[in-house]
Amino acid sequence: MNTSDLNREACYRAVLAKDARFDGKFYTAVLSTGIYCRPICPARPPKLENCLFVPSAAIARQLGFRACLRCRPDAPYFRFEERHGCGYHLEAALYPAL
Ligand SMILES: [Zn+2]
């Protein structure tokens, strides 16, 4: 997936809904804060005009954004699940092919 495949409106809807199906598919770099987030971030969603949707955390970092401390887009996946205690249920929803 490259950046042009990311549909801004679809991404933003996922962010507003904290849609776990999009977790790992894109990251939201927030121009107003300099922070990047996962779609499921518990923080208040930024305005659409402040959002830059990128396909990977590495790209967000390259662009100079810092990882959000709430949704930890830079952390290994399992750590987040441990912290939130919703482990396997969410994992199954995210990776149905596994
Ligand atoms: Zn976040």
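The values are calculated or read from the model by the stated rules, or taken from the named source; none is laboratory data. Predicted model, so just to flag it, every value in this text is computed and none were measured. Here Cβ is always computed from backbone atoms with ideal geometry, including for glycine, and neighbour counts include all displayed protein chains.
For region 1-42, the set of residues classified as within 14 Å of the ligand (Cβ to nearest atom) and exposed (fewer than 14 other Cβ atoms within 10 Å of the Cβ) consists of Leu16, Ser32, Gly34, Pro42, listed by residue number.
In this structure, does Ile40 turn out to be at pLDDT 75 or above, among the aliphatic types (A, V, I, L, M) and part of a loop (DSSP other than H, G, I, E, B)? When the stated conditions are applied, Ile40 passes them. The residue that is nearest to Gln62 (Cα to Cα), among those in region 21-48 that are touching a residue at least 24 places away in the same chain (Cβ under 8 Å) and over 13 Å from the mean Cα position of the chain (by Cα), is Gly34.
When region 43-82 is filtered for residues that are at pLDDT 95 or above, surrounded by fewer than 17 Cβ atoms within 10 Å (Cβ to Cβ), closer than 19 Å to Ala10 by Cα and within 14 Å of the ligand (Cβ to nearest atom), only Asn50 remains. Applying the selection to region 57-72, what residues are under 14 Å from Asp23 (Cβ atoms) and assigned to a helix (DSSP H, G or I)? Within region 57-72, Ala57 is the sole residue that qualifies.
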